[in-house]
Amino acid sequence: MSHLDNPFSKPSGEKVTCLEMLQVILDGEATEEQHLYFKKHMDACMPCYKSFELDMQIRQLIKSKCCGGQVPEDLVDRIKSQVNSIS
Ligand SMILES: [Zn+2]
């Protein structure tokens, strides 16, 4: 009955949440198919769009400030939770 097969689907048939999809994308582990699917999904899903944009902005900001070094995951999380608590 699904209108579109979700490339994020697990073999178990378990439903994939927005957060799980977002995580795969942000980890850079998504396939091209998954990227396309998520792009479409973002058009319809504001929370996903916002958190994706936010994450990218934070990562770019940190990269530009920190000599292009690795971005510590916990730092990204900390900034995000601070931003979320404001808005
Ligand atoms: Zn979503």
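Annotation: lysines with alpha-carbon distance below 23 angstrom to LYS80 (same-chain offsets under eight excluded): LYS39, LYS50, LYS63, LYS65. Per-residue ellipticity at 222 nm from helix content only, as computed over the chain with -39500 (n - 2.57) for each DSSP H run of at least four residues, stands at -21000 deg cm²/dmol. Directionally averaged projected area (region 1-54, Cα convex hull): 3.9 nm². The shape of region 18-86 comes out oblate: with a ≥ b ≥ c from the C-alpha gyration tensor, a/c is at least 1.5 while a/b does not beat b/c.
Counting only protein heavy atoms and a 1.4 Å probe, the chain has 77 square angstrom of accessible area per residue. Considering only ALA44, ASN6, LEU75, and ranking their Cα positions along the charge dipole of the chain that arises from unit charges at the beta-carbon of Lys, Arg, Asp and Glu, the one farthest toward the positive end is LEU75.
The values are calculated or read from the model by the stated rules, or taken from the named source; none is laboratory data. The shown structure was predicted, so the numbers you read here are calculated from the model rather than taken from an experiment. Reconstructed Cβ throughout: ideal geometry from the backbone, glycine too, with neighbour counts over all protein chains shown. Accessible surface is based on the protein model in full, side chains and every heavy atom, while ligands, DNA and RNA are left aside. Shrake-Rupley method; radii C 1.70, N 1.55, O 1.52, S 1.80 Å.
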